[in-house]
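Take a look at the structure set out below.
The values are calculated or read from the model by the stated rules, or taken from the named source; none is laboratory data. Because the structure is a prediction, the values reported are computed rather than measured. Note: ideal-geometry Cβ built from the backbone for every residue, glycine included; neighbour counts use all protein chains shown.
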């Protein structure tokens, strides 16, 4: 009975942790051609650039490819974060297993960040020099409701889905 309660508690916790993550996926919270894409995390950064139809199409294609590429990593990260929480819920948590799981989670976050950086540079290649400057300024500022570079998906619960995720 105790094991059932632990598993049920862990599943409820994972469901609560998934809510902000699931809300972030897809087209993003604010709509538009680049919302929720992970490039600088600020949809407003793309809106003031007066993108041509060709640029919008290229950026959307890059965004789609990027999201497809990082989805398995994000899924694995989410799963490992849940596994870590379950390890912590054990009656006698195993420090070695927890430390190993934390290292794996950090490695997944690093992979996602590296892919985000590559994607950012690919998007920059589509922009004119003037657009690049505006984009960089908007990204560094963070914009209203946006995030600065490297802050990932924002506020998430605990170790697993917190800053540095970036989705």
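Would a scan of region 138-158 turn up a residue that is at pLDDT below 95, part of a helix (DSSP H, G or I) and surrounded by 16 or more Cβ atoms within 10 Å (Cβ to Cβ)? Yes: one or more hits. Scan region 59-79 for residues that are buried (at least 17 other Cβ atoms within 10 Å of the Cβ) and within 30 Å of residue 2 (Cα to Cα) and the total you get is 2. Return yes when residue 33 is modelled with pLDDT under 95 and more than 22 Å from residue 130 (Cβ to Cβ) and no when it is not. The answer is no for residue 33.
Of the residues 50, 92, which is assigned to a loop (DSSP other than H, G, I, E, B), modelled with pLDDT of 95 or more and surrounded by fewer than 19 Cβ atoms within 10 Å (Cβ to Cβ)? The match here is 92.
Of the set (1) within 13 Å of the chain's Cα centre (by Cα); (2) within 26 Å of residue 124 (Cβ to Cβ), all apply to residue 75 but (2).
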